[in-house]
Amino acid sequence: MAILDERKEIYEEIKKEILNCQACELWQYRKNAVPGEGNLFATLMFVGEAPGEQEDLQGRPFVGQAGKLLDSLIGSLGLSRKEVFITNVVKCRPPGNRDPLPAEILACNPFLVGQIGLICPKIICTLGRHALHTLVDPTRTISQVHGSRIAKDGIVFFPTFHPAAALYHDSMHQLLVEDFQILRRLLKEI
Ligand code: URA
């Protein structure tokens, strides 16, 4: 079987498990689980926090206001959404957009680990503190590490702010744009 077909097939299995998952309480509230989407051979993966209202309605990641900003930031890398892979730490929307609970993050973690293991991105850009704490280091804050590269398990992690936070804070928006300029250079090196 060609690698492309095999990867697609394994991905479809992961996706099916996510869509049917009842490992934490969140399945009771969801309209749609949001597995993620994009290129299964992507060099660059984005990991956000959890689906919001629009994502829950459409079953797709980052399709609301924060998603529009993320699209334009991806464009600033000279890339399109189809060329990268986008997912979240938690695949179902927490009610009222509250923060995901530690138990929910833990229950969902095998899916994220499976997606990373299958796609093998060279760079993972973590968006916001939940992705940073889950994938890289629970002891660091975004302000401390944003815009830096952190090598771990053969992957380069690049933490930055969450686009939703940047929508409300101009200074954070500016830092996010600057981080993407660094990320653009990093992509050329790798
Ligand atoms: N915020 C996230 O963290 N993920 C989404 O998919 C949408 C908004």
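Coordinate-derived values only; no laboratory data. Remember, it's a predicted structure, so these values are computed and weren't measured experimentally. Every residue, glycine as well, gets a Cβ built from its backbone with ideal geometry; the counts of neighbours run over all protein chains shown.
At-a-glance table
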| read-out | value |
| --- | --- |
| Region 1-41: number of residues that are away from the ligand (no atom under 16 Å from the Cβ) and either crowded, with 20+ Cβ neighbours inside 10 Å or not small (Gly, Ala, Ser) (or both) | 25 |
| Any chance Arg98 is basic (Lys, Arg) and within 16 Å of the ligand (Cβ to nearest atom) | yes |
| Restricting region 43-65 to residues that are near the ligand (Cβ under 7 Å from one of its atoms) and assigned to a loop (DSSP other than H, G, I, E, B), the residue that is nearest to Gly75 (Cα to Cα) | Phe62 |
| Only one of Ile190, Ile105 that is touching a helix residue (DSSP H, G or I) at 6+ places or on another chain (Cβ under 8 Å) and not small (Gly, Ala, Ser) | Ile105 |
| Output for region 75-101, where each listed residue is closer than 22 Å to Leu175 by Cβ and either surrounded by 23 or more Cβ atoms within 10 Å (Cβ to Cβ) or of a type in the set (Phe, Trp, Tyr) (or both) | Ile86, Asn88, Val89 |
| Unmet criterion (only one of (1) over 13 Å from the mean Cα position of the chain (by Cα); (2) within 16 Å of the ligand (Cβ to nearest atom); (3) part of a helix (DSSP H, G or I)) for Gln115 | (1) |
| Some residue of region 131-146 being surrounded by fewer than 19 Cβ atoms within 10 Å (Cβ to Cβ), part of a loop (DSSP other than H, G, I, E, B), away from the ligand (no atom under 12 Å from the Cβ) and hydroxyl-bearing (Ser, Thr, Tyr) | yes |
